[in-house]
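Participant: Mind having a look at this structure? Questions to follow.
The values are calculated or read from the model by the stated rules, or taken from the named source; none is laboratory data. From a predicted model like this one, the values you see are computed outputs, not experimental measurements. Reconstructed Cβ throughout: ideal geometry from the backbone, glycine too, with neighbour counts over all protein chains shown. Protein only, heavy atoms only, side chains kept; ligands, DNA and RNA dropped before computing areas. Shrake-Rupley method; radii C 1.70, N 1.55, O 1.52, S 1.80 Å.
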Amino acid sequence: MAANNSSILTFDEVSLSNVTYTVALNETFFEKLASVPTFLLHHVDLLALESRIVFSALACIYIGSHGSLRRPPSAKSPKTKTSKDGEESFAEERDDKYVQGMLPSDAILFPILAGTLLIGLYYLIKWLEDPDILNSILRVYFSIMSLASLGKLFSDGLHFLTGFIFPSVWVGKGGKVYHIDSEKRGQWYSQDGTDIRVWDENKALPLPAPLSELNLSDQTTKSLWELRRLLFEEWTVRICVRGIVNRKIMVKFNDMCGVLLAIAANLLYYTIDSTFISNLLGYAFSYTGIILMSPTTFATGSSVLFGLFFYDIVMVFYTPYMVTVATKLDAPIKLVFEGPTRASMLGLGDIVIPGMFIGLCLRFDLYMYYHRQQKLKEVELETNVASSGQLITTKETQRMVVKPDYVNPQGQWGDRFWSMTLSKIFSPDATPALKASAFPKPYFYAAIFGYLVAMLVTLAVLIAFQHAQPALLYLVPGVVIAVWATGAVRGEIREMWKYTEDGSLDKADVIVEVDGEGKVIKEIQDPKDKDEQKDKQKEDSEKKSADEKTATAGDNSADGAPTMEKVDKYLPVFLLSIDTPRS
């Protein structure tokens, strides 16, 4: 895909070839770097090309990291809502799902598996002699595998646009916060800071700012309200194939549209040779990769990144594998940027690998935001001790951690735009969700800054020495050092070390011991909690056993006749339905 005179950032590598630029042999390292700005001023097209690379990488990481946000263990789990038909909705429970976590052993396994795959592809290309055969196979493979990634990217993009067209709140003149109510089809604001709602009859449209007072026909107004309801309501998709799958999924209209767009993009990718479509698949893989992958802890993340750091150096500087595979394969494992005279490529590994660590930093920022809001409540612990044949009850006063309620900060871009004021441009507080979306992000911004500086250094060294550069050689130290240095300056190394996304921190009613300054020293488990955990484990075990008996009892009763319960439960052989809420 790359032109002969191209700047290439391959899967984990940066290289530049056939650029008219002479470097004196006796120049020192710093003299060569100092000459880079002058060279870029004489090659504006290369400067624009490299700027697109840096911007694309930062945009993927920024968007993907925000897409990976979920309820941290320092916040209280949101309550589930009950629908009119008595079924519990798990729309909010989706925020509680943990991402795919890594183990410390992955620091060794990742480089080994990546090296094995890279070497295998290299010798397969040499054996086939014609890489077009392998490219055709990979195009089919990636077009199928990218369906879920593209669907996620498109649906989230549509949700993003919907938030700007149909926001939930907006701020008018005088600081009035208008709320758009789809059920009553009107807009209201609170009277003088009270809970009294004042409905504005002049704002009959579900649109923000002056658009809400447009004079449109009744039919058009009704259609806009119906469109808003269609875009925001959740549908229930039921999929059942007997003996294989029986699932119920909550989706929105934009999610369905995202799937259709993903199918169309895959058909185009398979039928036409388009750099734009290939890049689209690459963006989708990067976006979902950052969302789904988690280093679990900062220690594991740092180990994995430095393991790939050494792998990258070996594969770029000491073997031909990386350059050959990246330039011969025409697959969405890279982003291609084409300019007037040259082309440039950015490997997805240089986005996803540091990106998953930066996403961890953003989730840690959210964890610390709620951790600072936790309060300690005095409780009395009772302990029964048998002494001399008598049961003696002792009481002890301890502290219990009270977690704040979780407010989902995602999907607030439109509300934040329409509620923006000059005085609170960085700290909106029109609604609890907007306030939560503006939580402090020191570790995230430190990691982004480290990535930006490392990427600029990578490109500068590339241009100065005109030799392939392993990008992770600069990106890994830049990101990891920036994050740990931030923790050291803020005095939060202990919190960083203890933070984990394996679910072990997600506890309710935790009893702790504090020192004289009110700081938590250690956790204490209430004896009653131990008994409750045993009872819960027993109940779960009994329920699981009962479910297994029901599933394996067979379709017939003792007399050989089909049981009514079994028929009702497993009657559908194949079922695909979409249910909308009752209006």
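Participant: Identify all residues within region 315-332 that are of a type in the set (Val, Ile, Thr) and open to solvent by less than 40 Å² (accessible area, probe 1.4 Å); write none if there are none.
Facilitator: In the first step, residues of region 315-332 are kept if they are of a type in the set (Val, Ile, Thr); the result is 316, 319, 323-325, 327.
Answer for region 315-332, where residues must be of a type in the set (Val, Ile, Thr) and open to solvent by less than 40 Å² (accessible area, probe 1.4 Å): VAL316, THR319, THR324, VAL325.
Participant: Here's another thing I want to ask about it. Could you grab the pairs with beta carbons closer than 7 Å, sequence gap of 6+ or different chains, first residue in region 317-332 and within 14 Å of SER344 (Cα to Cα) and hydrophobic (A, V, I, L, M, F, W, C), second one open to solvent by less than 30 Å² (accessible area, probe 1.4 Å) and not in a loop (DSSP other than H, G, I, E, B)?
Facilitator: Listed pairs, sorted by first residue: VAL323/THR10; VAL323/GLU13; VAL323/SER15; ALA326/THR10; ALA326/GLU13; ALA326/LYS334; ALA326/GLY347.
Participant: Restricting to region 266-286, name every residue that is touching a Lys or Arg at 6+ places or on another chain (Cβ under 8 Å) and open to solvent by less than 20 Å² (accessible area, probe 1.4 Å).
Facilitator: At the first step, the residues of region 266-286 found to be touching a Lys or Arg at 6+ places or on another chain (Cβ under 8 Å) are 269-270, 282, 284.
Answer for region 266-286, where residues must be touching a Lys or Arg at 6+ places or on another chain (Cβ under 8 Å) and open to solvent by less than 20 Å² (accessible area, probe 1.4 Å): TYR269, GLY282, ALA284.
Participant: Mind listing whichever residues of region 90-110 are modelled with pLDDT under 75 and either open to solvent by less than 30 Å² (accessible area, probe 1.4 Å) or under 28 Å from SER303 (Cβ atoms) (or both)? Before the answer, list the steps.
Facilitator: Applying the first criterion (modelled with pLDDT under 75) to region 90-110 yields 90-100.
Scanning region 90-110 gives ALA91, ASP95, ASP96, LYS97, TYR98, VAL99, GLN100.
Participant: Continuing with the same structure: Filter region 169-208 down to residues that are among the small types (Gly, Ala, Ser), within 15 Å of LYS222 (Cα to Cα) and assigned to a loop (DSSP other than H, G, I, E, B), then give me how many there are. Give the steps one after another, and end with the answer.
Facilitator: Of region 169-208, the ones among the small types (Gly, Ala, Ser) are 172, 174-175, 182, 186, 190, 193, 204.
When the remaining residues are screened for being within 15 Å of LYS222 (Cα to Cα), the result is 182, 186, 204.
Retained after the next criterion (residues that are assigned to a loop (DSSP other than H, G, I, E, B)): 182, 204.
So the count comes out to 2.
Participant: Name the residue that is nearest to the chain's Cα centre (by Cα), counting only residues in region 337-393 that are among the basic types (Lys, Arg) and at pLDDT below 90.
Facilitator: Residues of region 337-393 among the basic types (Lys, Arg): 342, 363, 372, 375, 377.
After this cut, where a residue has to be at pLDDT below 90 as well, the list is 342, 375, 377.
On the way: ARG342: 33, LYS375: 29, LYS377: 34 Å.
Only one residue fits best here, namely LYS375.
Participant: So, LEU150, is that one under 20 Å from TYR270 (Cβ atoms) and either of a type in the set (A, V, I, L, M, F, W, C) or modelled with pLDDT under 90 (or both) or not? Let's see the steps before the verdict.
Facilitator: Values: under 20 Å from TYR270 (Cβ atoms): yes; either of a type in the set (A, V, I, L, M, F, W, C) or modelled with pLDDT under 90 (or both): yes.
When the stated conditions are applied, LEU150 passes them.
Participant: Give the residue that is nearest to HIS66 (Cα to Cα), with candidates limited to residues of region 443-498 that are open to solvent by 10 Å² or more (accessible area, probe 1.4 Å) and assigned to a loop (DSSP other than H, G, I, E, B).
Facilitator: For region 443-498, the residue satisfying everything is GLU492.
Participant: A further question follows. Write out, first by first residue and then by second, each pair whose Cβ atoms fall under 8 Å of each other, whose residues are 6+ apart or on separate chains, and whose first residue, in region 415-433, is closer than 18 Å to PHE166 by Cβ and open to solvent by 70 Å² or more (accessible area, probe 1.4 Å) while the second is of a type outside the set (Gly, Ala, Ser) and part of a loop (DSSP other than H, G, I, E, B).
Facilitator: Every condition considered, the pairs that remain are PHE417/PRO167; MET420/PRO428.
Participant: Hey, another quick one. Looking for something out of contact with any Cys (no Cβ under 8 Å at 6 or more places or on another chain), exposed (fewer than 14 other Cβ atoms within 10 Å of the Cβ) and either without any contact (Cβ under 8 Å) to a residue 40 or more places away in the chain or hydrophobic (A, V, I, L, M, F, W, C) (or both) - is there at least one such residue anywhere in region 230-242?
Facilitator: Here is the first cut: in region 230-242, the ones out of contact with any Cys (no Cβ under 8 Å at 6 or more places or on another chain) are 230-242.
Filter once more, so that each one left must be exposed (fewer than 14 other Cβ atoms within 10 Å of the Cβ): 230, 233, 241-242.
From what is left, the residues that are either without any contact (Cβ under 8 Å) to a residue 40 or more places away in the chain or hydrophobic (A, V, I, L, M, F, W, C) (or both) are 230, 241.
Checking region 230-242: at least one residue is out of contact with any Cys (no Cβ under 8 Å at 6 or more places or on another chain), exposed (fewer than 14 other Cβ atoms within 10 Å of the Cβ) and either without any contact (Cβ under 8 Å) to a residue 40 or more places away in the chain or hydrophobic (A, V, I, L, M, F, W, C) (or both).
Participant: Within the bounds of region 211-227, is there any residue that is surrounded by 13 or more Cβ atoms within 10 Å (Cβ to Cβ), under 30 Å from LEU281 (Cα atoms) and not hydroxyl-bearing (Ser, Thr, Tyr)?
Facilitator: Among the residues of region 211-227, at least one is surrounded by 13 or more Cβ atoms within 10 Å (Cβ to Cβ), under 30 Å from LEU281 (Cα atoms) and not hydroxyl-bearing (Ser, Thr, Tyr), which makes the answer yes.
Participant: Moving on. Please specify each residue of region 111-123 satisfying the condition of being over 11 Å from TYR321 (Cα atoms) and surrounded by 14 or more Cβ atoms within 10 Å (Cβ to Cβ).
Facilitator: If we filter region 111-123 for residues that are over 11 Å from TYR321 (Cα atoms), which is where we start, we get 111-114.
Within region 111-123, PRO111, ALA114 meet the criteria.
Participant: Among the acidic types (Asp, Glu), at pLDDT 85 or above and either in contact with a Phe, Trp or Tyr (Cβ under 9 Å, 6 or more places away or on another chain) or assigned to a helix (DSSP H, G or I) (or both), is that true of ASP156? I'd like the intermediate steps shown before the answer.
Facilitator: Numbers: among the acidic types (Asp, Glu): yes; at pLDDT 85 or above: yes; either in contact with a Phe, Trp or Tyr (Cβ under 9 Å, 6 or more places away or on another chain) or assigned to a helix (DSSP H, G or I) (or both): yes.
For ASP156, the condition - among the acidic types (Asp, Glu), at pLDDT 85 or above and either in contact with a Phe, Trp or Tyr (Cβ under 9 Å, 6 or more places away or on another chain) or assigned to a helix (DSSP H, G or I) (or both) - is met.
Participant: Which of (1) surrounded by 16 or more Cβ atoms within 10 Å (Cβ to Cβ); (2) charged (D, E, K, R); (3) at pLDDT below 80 is the odd one out, the single condition ARG71 does not satisfy?
Facilitator: ARG71 satisfies every listed condition except (3).
Participant: Going residue by residue through region 296-314, is there one that turns out to be outside any helix (DSSP H, G or I), closer than 21 Å to ASP365 by Cα and either open to solvent by 20 Å² or more (accessible area, probe 1.4 Å) or of a type outside the set (Gly, Ala, Ser) (or both)? I'd like the intermediate steps shown before the answer.
Facilitator: If we filter region 296-314 for residues that are outside any helix (DSSP H, G or I), which is where we start, we get 296-297.
Keeping just the survivors that are closer than 21 Å to ASP365 by Cα gives 296-297.
Among the residues that remain, those that are also either open to solvent by 20 Å² or more (accessible area, probe 1.4 Å) or of a type outside the set (Gly, Ala, Ser) (or both) are: 296-297.
Scanning region 296-314, I find at least one residue that is outside any helix (DSSP H, G or I), closer than 21 Å to ASP365 by Cα and either open to solvent by 20 Å² or more (accessible area, probe 1.4 Å) or of a type outside the set (Gly, Ala, Ser) (or both), so the answer is yes.
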